Structures are given as structure tokens and as C-alpha cells.
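For reference, the structure discussed in these notes is given below.
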Amino acid sequence: MENFVYNGNPGRVIFGHGTVARLPEEAERLRARRILVLSTPEQAGQAADIARHMGSSVVATYSKAQMHTPVEVTADAMRVVEEHAVDALLTIGGGSTTGLGKALAFRTDLPQIVVPTTYAGSEATPILGETEGGRKVTKSDPRILPEVIVYDVDLTMTLPVSLSVTSGINAVAHAVEALYAKEANPIISLMAEEGVGAIARALPLIYSNPKDEVARADALYGAWLCGVCLGSVGMALHHKLCHTLGGMFNLPHAQMHTAVLPHAVAYNADATPQAMARLSKALGVADAAAGLFDLANGLGAAMSLKDLGMPDDSVEVAVEQAMSNAYWNPRALEKRGLTDLLERAFRGEPPK
Ligand code: NAD
């Protein structure tokens, strides 16, 4: 056994079916009396249904959460927080809504109860990515980490199949990079392997039957484990590349992660044999990079960054930007290798 450091984030997790019925109890544990409910416009109806469980402790709702947490939206929501003297946040939705709740908690230190409805995993991390003037800036702070997560499998039944697949692979990406992270440790690697296995088993079942409750539960369980991985150890090339591409070209988050991941894994494979062995085992394949590509491609995900909106002739400038901030990666960042990686992802070809 090698030396290691394990840094666990505090947090309470309720997992199951129909768990939103336990929200009043959770609010009471936090002594929340003046709750603000957050959602996207698309999930306003679902959020209102859930808020009904909370009775008079809900004092306001704000349903304008947007992807990439623009600071203007946060400022708008801050006015609601102040106007209603809010004392807790109830966040219902995917990573975009969770991002808004975290941005408010960062500014106010209000406690957060998060009810995730995708597999993004943001609810388990103290990380916030905010967009200001077209630039995404990431920060980490204990105030950002949600106090309570209520996973209700029933709420994920409506997640469209295509987003289930890409959101699931987004979660897998957190676990993959945790396996070869600079701060990798045996506890997080256990979670990573278990998380990848649960999601890889669940996605094909969800693809053929989106109402498969067992598969939905497995995917959500896996997403939580993968989120814990993201929140506990540092990430590497894959997440930095996606951060760069997302910021430069505003590509859709989960879909972009899905198209890039097999190539980032292929790039790092020779430098991380132990991580690759665990990843291949979890995926049930001989070659992890090819296995990830086949999994996503076979479930109908778009594998070409061009199809996701990356402009022609932009690979070179993206590589330059990705290399401009020095960051840790198990294999040195090489211009030729990264150009090849992004060109293949741009065209939607299998990893090499
Ligand atoms: P999302 O939250 O943007 O959701 C996409 C769409 O699906 C939205 O319209 C949403 O309302 C809808 N939706 C969500 N759940 C649904 C359901 N069960 N049924 C029907 N519709 C549903 O997508 P996402 O991929 O979850 O989140 C992406 C965002 O999360 C990005 O901004 C990304 O940066 C952030 N993120 C942050 C972290 C972190 O730790 N800070 C981690 C992962 C992702």
C-alpha cells in the first residue's frame, strides 16, 4: 500500500424512491423556515409539485436557472433571497440549477438541500463554475458544498434518454480522472470503480427502456459516487479540455464530455496502467478508451465535436488555450498529441 491522503467532504445523503416526501423532515433538521425553491424554467412545474410537500416553509420560488451559472442570473436571484429573508435553499434539477444554488450559498452561506434530477454529480462537490463576460471561472469553497442531498429515483424517470446517456458519461468522466488523479487514494478509487460499473451497466438498460426503475436507481447511485470523486480529488486533462472547449465555444456540457472522454483516456492510457486496468474491469472491456467510445456511440450519443457546434479550423487555437494554463496531468501535455486528440474528437472518430 502506498502512502495516501484522503479528504472526505461532509454531507448527508438520502437515497431511494419517493424520498421527496422526506424533505419537510430534512428542512426541520436544518431549522429552515423561509425556503427558496430553485429550478430551470423547464422544471418549474416539477419544482412547484415538490415544493407543495414543504407547506408554508416555502416563501418564494425562482425558476430562471441557466447553464454555466451566469453571474447576472445569480444577482437577480440574490434580490429574491434578500426580499424574502430566505434562510435555506431547495434546489431541484440538474447541474445548472445546482450551480445557481451553490452560487447563492457562496454569497450568503445559506444551507442547501439539493434534489438532483440528472447524473451530473455537482451536488456532491464544493466546486462552482460561474460565467462572467463570457469567461467561466471555477472556485472551490466549503460554503459551496450542499448540506443535504435527497436523491429520488422517481424524478429521474423523465430525464430524456439522450441526456441520460450523456449525463451518465459526464459522471463517468469524474470517476475516470479520479482513478489517475494526483491525489488518487484507495477510498476514492473504490468509489470510482463502483460508480463507473453502476453507470455502465445501467445506461444500455435505460436506453432500451427509460422506465426501468432498477437501472435508473443504479445510474443515480453511480452518479453520486462519481460526484464524490470529482469533489474529493483534482481532475486532469479531460476536465481541463472540456472547460476550455465549453468556455470558448459554449458547447453543451454533458454531450461535450461524452465526445471528449474516450480520447482523453486514450491520451493518458500508457501513463496510467493501474487506472486503466480498474477502468476496463468496471466497464467490462479489454480497452477502456475504445470501450467508452463504443458504449456512448452505441447508445446514440453524438461523438463529433463538430456536430456539437465546435467551429471548423478551431482545433489549433483550442490546443493553444488548453496548454496555456499549466496543470497536472499523468502524461505531459504535448502539442502534437493534443492536436491529434482534438482532431479525432472533432471528426467523431474512435480514439487511437
Ligand atoms: P442541466 O442542469 O443544464 O439540465 C439540462 C436540461 O434538462 C434542463 O433544461 C433541465 O431542466 C432538464 N432536466 C433536468 N433533469 C430533468 C429530468 N429529470 N426530466 C426532464 N428534464 C430534466 O444539465 P446537467 O448536465 O445536469 O448540468 C450541466 C451544468 O452542470 C453545467 O453548467 C456544468 O458546468 C455543471 N456541472 C457542475 C459540476 C460541479 O461540480 N460544479 C459538476 C457537473 C456539472
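Could you work out the local net charge near Val265, counting Lys and Arg as +1, Asp and Glu as -1, over the other residues with Cβ closer than 15 Å to its Cβ?
-1
Could you rank the peptides 316-323, 133-140 by their average count of other C-beta atoms within 10 Å per residue, with the highest value first?
Details: 316-323: 16.9, 133-140: 11.2.
Ranked by mean Cβ neighbours within 10 Å, highest first: 316-323, 133-140.
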If one builds a Gaussian network model of the chain from Cα atoms under 10 Å apart, the most fluctuating residue listed among Pro273, Pro252, Pro330 is Pro273
State the Cα centre-to-centre distance between the stretch 1-18 and the stretch 259-290 in whole Å. 24
Span from the the stretch 126-154 Cα centroid across to the the stretch 173-203 one, whole angstrom: 20
For a quick protection proxy, order the peptides 179-189, 1-11 by their average other-Cβ count within 10 Å, most packed first. 179-189, 1-11
Measure nothing but the geometry: give the 0 to 90° angle between the long axis through the Cα atoms of 213-232 and the longest principal axis through the Cα atoms of the chain, rounded to 10°. 80
What are the aspartates and glutamates whose alpha-carbon lies under 19 Å from the alpha-carbon of Lys139, with same-chain residues fewer than 8 places away excluded? Glu72, Asp109, Glu123, Glu130, Glu147, Glu177, Glu183
Any lysines with Cα under 16 Å of the Lys182 Cα? List them, leaving off those in the same chain fewer than 8 positions away. Lys240
Taking a quarter of the surface of the Cα convex hull of the stretch 160-347, what do you get in nm²? 9.4
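Mind pulling up the Rg/Rh value for the chain? Radius of gyration and Kirkwood radius, both on Cα. Write down the numbers at each step before the final one.
Numbers: Rg = 19.5 Å, Rh = 20.3 Å.
A ratio of 0.96.
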Cβ-based charge dipole, the chain, positive-most Cα from Met303, Val20, Val196: Val20
Relative to the chain, whose Cα atoms define the longest principal axis, helix 186-208 and its Cα axis are tilted in degrees, nearest 10, by 90
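Using only the Cα atoms of the stretch 12-156, construct the convex hull and provide its projected area averaged over every direction, in square nanometres to one decimal. If you can, show how the numbers build up before the last one.
Values: hull surface 29.7 nm².
Result: 7.4 nm².
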Take every DSSP beta bridge whose two residues both sit in the chain, then give the antiparallel share in percent to the nearest 5. 20
Determine the calculated [θ] at 222 nm for the chain from helices alone, applying -39500 (n - 2.57) to every DSSP H run no shorter than 4 residues and normalising by the residue count; nearest 500 deg cm²/dmol. -16500 deg cm²/dmol
Sequence-distant or interchain residues sharing an amide H contact under 5 Å with Ala88, placed H: which? Arg34, Leu36
Note: Ile187 to Ala21 extended length (0.36 nm per residue) minus current alpha-carbon separation gives 56.6 nm
Lys and Arg at +1, Asp and Glu at -1: neighbours of Val114 with Cβ under 10 Å from its Cβ sum to -1
Mind listing the phi-derived Karplus ³J(HN,Hα) values for the stretch 335-352, rounded to whole Hz, using 6.51, -1.76 and 1.60 with θ = phi - 60°, and x for any glycine or proline? 4, 5, x, 5, 5, 4, 4, 6, 5, 5, 5, 4, 8, x, 7, x, x, 10
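Coordinate-derived values only; no laboratory data. These figures come from a predicted structure and were not determined experimentally. As a convention, Cβ positions derive from the backbone with ideal geometry for all residues, glycine included, and neighbour counts pool all protein chains shown.
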